[in-house]
Amino acid sequence: MIKDKKRIIAYLLILAPLIDSLLIPTAFGLQWHSAKSMYLFSAYLIPIKLALVIMGGFFLIHHTRRQIYIDAPRSWFLKVVDVGIFILAGIQFILFTVISVLYVVVGTQADDYKQQGNISVYTSDVGAFGKATHYFSYQCTDSTGFYTLQPIVTLDWLGTFTFKEKANTLIITHNAQSDKGEKIKQIDLSGFSCNTLNFKR
């Protein structure tokens, strides 16, 4: 076990970013403060994940070269595992590099997240050829800052919009088509409450 310590460290450095990337939401599933904060945290994690994968790859290469140099016996199973982990590291290296460059050149999608009181909104497919969708949720936050989201409604593209909560009603003012003027949607929120989740506010 002690002899393979560098291999184990390499595996952890490569697999930990992979596991996090496969989770939805990312950042190891944490939900703290707001959806926008967690998105930004996930974005800032990308270059850190890239660095971890690079370190893991170097450790794995160094360990393998040392094993070959001292002519240490290795089972075929470990050889296959090493090759598989190294391939995973290569794929992650490419993906994380591309995403990091895109963040630098294009920027993040933090503006797709909006928060107003207990109402949280995420807009998907902005600027894409597909139809944009707005996901309205009711956010409840506990005393430690961790939150849960209860879906309220999913709406098609609203254009420019603002929203507020008033008297157990979600009021959305929007203007999807400028020639048709401003419109208002009202959605009943009487079924949404943080008290049902026993949150301490």
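The values are calculated or read from the model by the stated rules, or taken from the named source; none is laboratory data. What you are looking at is a predicted structure, and each value in this text was computed from that prediction instead of being measured. For neighbour counting, all protein chains shown are included, and Cβ atoms are generated from backbone atoms with ideal geometry for every residue, glycine included. The area values use the complete protein model at the heavy-atom level, side chains included, leaving out ligands, DNA and RNA. Shrake-Rupley method; radii C 1.70, N 1.55, O 1.52, S 1.80 Å.
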Self-check item: Filter result for T154 (farther than 30 Å from K5 by Cα, modelled with pLDDT of 90 or more and either aliphatic (A, V, I, L, M) or touching a His at 6+ places or on another chain (Cβ under 8 Å) (or both))
Solution: yes
Practice problem: Note down all Cβ pairs under 9 Å where the first residue falls in region 44-66 and is of a type in the set (K, R), the second is not in a helix (DSSP H, G or I), and they're at least six residues apart or on different chains. | Solution: R66/A72
Practice problem: Collect the residues in region 138-174 that are over 12 Å from I187 (Cβ atoms), touching a residue at least 40 places away in the same chain (Cβ under 8 Å) and open to solvent by less than 20 Å² (accessible area, probe 1.4 Å), keeping them in residue-number order. | Solution: Q139, C140, G145, Y147
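Out of everything in region 79-100 that is of a type in the set (A, V, I, L, M) and under 17 Å from R65 (Cβ atoms), what residue ends up being most open to solvent (accessible area, probe 1.4 Å)? Spell out the reasoning first.
So in region 79-100, the residues of a type in the set (A, V, I, L, M) come out as 80-81, 83, 85, 87-89, 91, 94-95, 98-99.
Add one more test, that the residue is under 17 Å from R65 (Cβ atoms), and what stays is 81, 83, 85, 89.
Working: V81: 42, V83: 87, I85: 16, A89: 8 Å².
So, considering only residues that are of a type in the set (A, V, I, L, M) and under 17 Å from R65 (Cβ atoms), the one most open to solvent (accessible area, probe 1.4 Å) is V83.
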